[in-house]
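The structure appears right after this line, and notes come after that.
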Amino acid sequence: MSQTAISVQTERSAREPAFFHIEESLLSIRWRRLVAYYAWNAQAFSERIYRLVAVGALWLLRPCVALANRTLATRLLYLPLRGMSRDRLDLLGEEYFDYVLRPRLCPDGVERIQQLLKTGRQLVLVSHELEHVIRPLAQYLKVEKLLANRLEFRDDLATGRLLDPVISSLGILRRLARKQTLGADHPWKTDGPMKSEDLAGLLPAGDGPGPIAKAILPAARQVREKRQAVVSFGKPRSQTQTLSVRKTLAGKNILLIGSTGFIGKVWLCILLHDLPEIGRVYLLIRRQGSRSALQRFEKVVAESPAFKTLHDRYGDGLSDFIGERLEVVEGDVSEPQFGLDDKTVASLQANLDLIVNSAGLTDFNPDLRLALSTNADSALHLVDFLDKCDHAGLIHVSTCFVNGRTDGRVPEELCPNYTPGEHPDFIARS
């Protein structure tokens, strides 16, 4: 063979992708655990039950179906995922990789992949699992392409159907048959790119290179654009409007309650850092013993890591910058009209554009009277104050336990006289 032919062959092999089988080289993924993990983390409790029952039934049925049709058996695996959203599958896939798969990666396989990447050859990770769990693995290994099973989605909800080509696992019987066919010296597990006969064994009979090339996915998650319906069927098309936080809050006067808390001070720092054209920000801070509200805020600015970026940007001029935009108001949200005098209350109610409330107890076992005063009475005083404002809006930050034991999706709908125990005669004030 001439030197030119060898060079052409080398360039061609460098351009062709190298397929790397995950289950043969990196780790062992058991479909029962993965699908059960998806089913167990469904939104509603009732949804979890019927999905787990379906997983158990398919676990018993799949071996019999696999003897006749491996592709059909693979399709049956993911029927319990019907109705789950794409975003939820992506999120659960990332969690499963971080907490379950990453600690179990084979170091030799990871090193082999890094060596192949250094050669400049395009690498494709191959797996019979879903793309939602293989994509985080590819991103972790810095591999740009993957070949995995893909679910069909309609309106961002899984139909439970796999798109072609369906990638199946070899199974023990087919592994033994392959070992006998390829010879006794053929390794049980590969430590390099797959051979063509190995890749063909994962795909349905008759699938050539065309469907495989179309099924190769980028490791980076694709952002999908929302498409407008071609026919409106009499419904007016909604005009998509862009929301600019900078333009919306420019020149607005804001009252921030809870600025010394974790969320409040971080939000305040982001506001000052990213929106310097903000109007006046009033900070409602209560006195704590002998320390005044202003002294408490000065301590937060001096010691909190959240203000580090502002210290780095303005240096010695930070106090002047803060003085131009912030005003500390000493008061207590648990008292009527925040414990302020009538003149201050009238000025705030006339000038405020927005009230942001992030105040509240974070103790899981507080004194009952303190809890009611801070978390319940404060909200009532806030609503009463807001009702007397000229034009102010409200952003209320609730805890993650505000819905009690409610599971699943919680709609933002107001239910009159709602109680977690659904007692119609329960009155909180009494």
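See the values below:
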{"item": "Residue-normalised accessible area of segment 321-389, given per residue in Å² at a 1.4 Å probe", "result": "56"}
{"item": "Residue-count net charge about His381 - beta-carbon cut-off 12 Å; Lys, Arg +1, Asp, Glu -1", "result": "-4"}
{"item": "Kirkwood Rh in Å, taken over segment 267-410 so that all alpha-carbon pairs contribute", "result": "17.1"}
{"item": "Segment 19-110 shape via C-alpha gyration tensor axes, a/c threshold 1.5", "result": "oblate"}
{"item": "Relative contact order %, segment 300-378, counting alpha carbon pairs below 8 Å whose residues are six or more apart", "result": "25"}
{"item": "Asp316, Asp384, reordered so the largest accessible area comes first (probe 1.4 Å)", "result": "Asp316, Asp384"}
{"item": "For Leu394, residues with placed amide H under 5 Å, excluding near neighbours", "result": "Ile355"}
{"item": "Prolate/oblate/rounded label for segment 292-374 (Cα gyration tensor, a/c 1.5)", "result": "oblate"}
{"item": "List Arg121, Arg221, Arg154, ordered by accessible area with a 1.4 Å probe, largest first", "result": "Arg154, Arg221, Arg121"}
{"item": "Centre separation in Å (Cα based) which lies between segment 141-155 and segment 27-68", "result": "20"}
{"item": "Dimensionless Rg over Rh [segment 253-334; C-alpha; Kirkwood]", "result": "0.93"}
{"item": "Accessible surface of segment 107-160, 1.4 Å probe, proportion on carbon and sulfur as whole %", "result": "43"}
{"item": "Solvent-accessible ranking of Glu111, Glu277, Glu131, largest area first, probe 1.4 Å", "result": "Glu111, Glu277, Glu131"}
{"item": "Residue-normalised accessible area of segment 24-104, expressed per residue, 1.4 Å probe, Å²", "result": "53"}
{"item": "For segment 66-165, convex hull of alpha carbons as volume per residue, Å³", "result": "123"}
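The values are calculated or read from the model by the stated rules, or taken from the named source; none is laboratory data. In this text the structure is predicted, and so the values were computed from the model without any measurement. A quick note on method: Cβ atoms are made from the backbone with ideal geometry, for glycine too, and the neighbour counts reach across all protein chains shown. Surface accessibility is based on the protein's heavy atoms, side chains included, excluding ligands, DNA and RNA. Shrake-Rupley method; radii C 1.70, N 1.55, O 1.52, S 1.80 Å.
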